[in-house]
Amino acid sequence: LTTTEISNIAAYTATGGGNITNDGGSEITSRGICWGLSENPTIHDFYTVTSPDLGAYTCDLANLEPGKKYYVRAFATNVAGMAYGSNVTFTALPVLPKLTTAEITSITSNSAISGGDAFYDGGAAITAKGVCWSTSENPTITDFHTNDGNGNGIYSSKITGLEITTIYYVRAYATNSAGTSYGNELIFTSLDLNQISDIDGNIYNIITIGSQNWIKENLKTTRYNDGSNIQIITDNTLWQNSITPAYCWYNNDINYKSIYGAMYNWYTINNNLCPLGWHVAS
């Protein structure tokens with residue numbers, strides 16, 4: 001028997017088959033195809049059968065992984081045993097990448113930080129990724145966008161050129177040979193010229209004194225500007241003896257957050273606590 005070339009190739013399915021020209025002197029009792037990711041697949045790999053007979057036949061391959069190279073062989077059995085045709089190879093088509101959009105942080109009057117997580121490449125290499133934004137819903141790469149490299153994984157993107165106090169829609173994107181896909185849509189509003197936000201989304205007013213810009217309120221963030229969490233400590237003894245970064249609310253009451261902000265120990269303020277581009281006063 002011989003193995004037929006693969007046709008109707010898609011991301012998850014394809015069509016194969018074989019042709020039995022000699023039954024070996026005994027009735028054919030089964031025939032079909034088998035496939036796998038290694039050469040010389042057998043019926044211990046994926047396989048499918050069709051009605052036993054001489055001649056040409058077709059079978060469907062299913063449950064393929066997009067972008068993977070497969071080896072296929074026809075098989076047939078009679079009382080003497082099982083025979084296989086030669087290997088035929090094909091590659092399943094890739095699909096669009098899958099990704100999520102990172103939260104919007106460090107919002108100012110003209111910029112913000114976002115990004116994404118391209119956690120599945122769709123079976124083909126990601127050649128471009130970033131975020132796109134617009135004042136209309138469902139932005140695409142025909143709108144404003146960044147290009148933050150290629151490949152899978154988490155990435156950060158800086159959104160620039162914003163108008164003040166304007167609503168923007170943001171989506172992460174990733175491109176492979178199958179096309180471009182988009183993450184979930186997020187919405188934010190750019191600030192006015194005298195405001196800034198931290199990574200938690202708290203908004204602060206800015207005042208200029210001499211040649212320096214100062215935030216007019218105490219910090220309220222519970223995370224560093226790289227997104228990592230700061231430990232909250234509510235026990236007074238633990239607070240006094242702490243040797244790692246920590247914060248608390250006045251009187252352990254979060255209702256004081258808007259009045260006093262958070263209280264931080266030295267290990268916290270001696271780190272990347274402020275919004276990007278800002279720092280604790282010396």
Subject >> Compactness of segment 87-127 as Cα Rg over 2.2 N^0.38 Å, two decimals >> reply: 1.88
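Convex hull over the Cα atoms of segment 215-255, averaged projected area in nm²?
For segment 215-255, the mean projected area of the Cα convex hull comes to 3.7 nm².
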**OP:** Just name one of Gly24, Ala128, Ala62: the one whose Cα is farthest towards the positive end of the charge dipole of segment 2-160 (beta-carbon charges, Lys/Arg +1, Asp/Glu -1).
**Re:** Ala128
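Out of all Cα-Cα pairs in segment 1-65, roughly what percent, to the nearest whole number, are more than 19 Å apart?
For segment 1-65, the fraction of Cα-Cα distances above 19 Å is 31 percent.
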**OP:** Could you work out the Kirkwood radius for the chain, taking every pair of different alpha carbons, averaging 1/r and inverting it, reported in Å?
**Re:** 23.6
Subject >> For segment 23-113, the spread of Cα positions along each principal axis, largest first, Å >> reply: 83, 22, 18
Subject >> D_trans [Stokes-Einstein, Kirkwood Rh over alpha-carbon pairs] for segment 63-187, 4 °C, 1.567 mPa s, µm² s⁻¹ >> reply: 78
**OP:** Put one equal scatterer on each alpha carbon of segment 61-129, apply the Debye formula with no solvent term, and list log10 I(q)/I(0) at q = 0.21 1/Å to two decimals.
**Re:** -0.93
**OP:** Using Cα centres only, tell me the gap between segment 97-137 and segment 1-65 in whole Å.
**Re:** 43
Original post:
Taking only the alpha-carbon atoms of segment 128-198, what semi-axes of the equivalent ellipsoid follow from 5 times the gyration tensor eigenvalues under a square root, in whole Å, largest first?
Top reply: 24, 13, 9
Subject >> Alpha carbon centroid spacing (whole Å) that separates segment 143-166 from segment 213-251 >> reply: 29
Original post:
What does the accessible area of Glu27 come to, in Å² to the nearest 10, when a probe of 1.4 Å is used?
Top reply: 140
**OP:** Filter the trypsin sites (Lys or Arg not before Pro) in segment 126-234 down to the DSSP loop ones having no more than 11 other Cβ atoms within 10 Å, then list what survives.
**Re:** Lys216
Subject >> Top of Gly116, Gly201, Gly227 by mean-square fluctuation, Gaussian network on the chain, Cα under 10 Å >> reply: Gly227
Subject >> Ratio of the Cα radius of gyration of segment 142-282 to 2.2 N^0.38 Å, where N counts its residues >> reply: 1.30
**OP:** Would you mind counting up the charge near Asp143? Only other residues with Cβ under 13 Å from its Cβ, with Lys and Arg at +1 and Asp and Glu at -1.
**Re:** -1
Subject >> Accessible area in the full protein assembly, largest first, 1.4 Å probe, for His279, His44, His145 >> reply: His44, His279, His145
**OP:** Select from Gly123, Gly210, Gly16 the residue whose mean-square fluctuation is largest in a Gaussian network model of the chain (Cα-Cα springs shorter than 10 Å).
**Re:** Gly210
**OP:** Please find, in a Gaussian network model of the chain (springs between Cα atoms separated by less than 10 Å), the residue of Leu37, Leu186, Leu64 whose mean-square fluctuation is greatest.
**Re:** Leu37
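The values are calculated or read from the model by the stated rules, or taken from the named source; none is laboratory data. What you are looking at is a predicted structure, and each value in this text was computed from that prediction instead of being measured. Using ideal geometry, Cβ is built from the backbone for each residue, glycine included, and neighbour counts are taken over all protein chains shown. Protein only, heavy atoms only, side chains kept; ligands, DNA and RNA dropped before computing areas. Shrake-Rupley method; radii C 1.70, N 1.55, O 1.52, S 1.80 Å.
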